[in-house]
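The values are calculated or read from the model by the stated rules, or taken from the named source; none is laboratory data. Here the structure is a predicted model, which means the values were calculated and not measured. All Cβ positions, even for glycine, are placed from backbone atoms using ideal geometry, and neighbour counts span all protein chains on display.
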C-alpha cells in the first residue's frame, strides 16, 4: 500500500538517502495531489519543482523529505486521506514520477537546464485559489495551467 509510506514520512524524520521505491512513491504522490487535473506539461512542471528542491542546498536532499517538509505542499497538511482514488491518474503519476526521477539529472545536463519548463523554479502556487504573501518576494519564471512558478 504505497500511501502508507507517505504517512510514515510525514511523521518520521529520516536521512537524505532514501530507498528509490519510496522516493518514487513520494514524487508520484506529489504529482497526483498537486497536478492530476493539469496537462502533461503542468504535471512535468510540478515534478521538476520537486526535483529542483532536492538538488537545491536550501531544501532537504531527498524527494520524500522535500515533499513532507512542513507547510510546503497543501495536500500534506489538509487533513484529508492521501490515498489516491483515481486509478488512471495514479498510474499516470507513477509513470511520470519514474521517468523524471530516473532521468532528471541527465535531462538537465544534456539540455543545460532547458528541459525544465519552470525555468528552475523552486516554488509554485495555484493562482486561481490563493495569492500567497511570499510570492511578492519571488520572480515569476512561468505560468503553466493553474500554477504560477517562481524563484
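For region 62-75, does any single residue satisfy the condition of being exposed (fewer than 13 other Cβ atoms within 10 Å of the Cβ) and out of contact with any helix residue (DSSP H, G or I) (no Cβ under 9 Å at 6 or more places or on another chain)? Scanning region 62-75 turns up at least one residue that is exposed (fewer than 13 other Cβ atoms within 10 Å of the Cβ) and out of contact with any helix residue (DSSP H, G or I) (no Cβ under 9 Å at 6 or more places or on another chain). Summed over region 26-41, the residues that are over 11 Å from the mean Cα position of the chain (by Cα) and not in a loop (DSSP other than H, G, I, E, B) give a count of 2. There is at least one residue in region 108-125 that is in contact with a strand residue (DSSP E or B) (Cβ under 8 Å, 6 or more places away or on another chain), closer than 18 Å to residue 37 by Cβ and outside any loop (DSSP other than H, G, I, E, B).
In region 94-111, the residues that are surrounded by fewer than 18 Cβ atoms within 10 Å (Cβ to Cβ) form Cβ pairs under 6 Å with partners that are at pLDDT below 95, at six or more places apart or across chains, as follows: 107/115.
Only one of the numbered conditions (1) at pLDDT 95 or above; (2) outside any loop (DSSP other than H, G, I, E, B); (3) in contact with a helix residue (DSSP H, G or I) (Cβ under 9 Å, 6 or more places away or on another chain); (4) loosely packed, with under 15 Cβ neighbours inside 10 Å is not met by residue 88, and that is (3). What do you reckon, is residue 114 exposed (fewer than 15 other Cβ atoms within 10 Å of the Cβ) and within 12 Å of residue 27 (Cα to Cα)? Criteria not met by residue 114. Could you list, in sequence order, all residues of region 43-68 that are in a helix (DSSP H, G or I) and under 13 Å from residue 121 (Cα atoms)? Listed by number, the residues that qualify are 44, 45, 46, 47, 48, 49, 50, 51, 52, 53, 54, 55.
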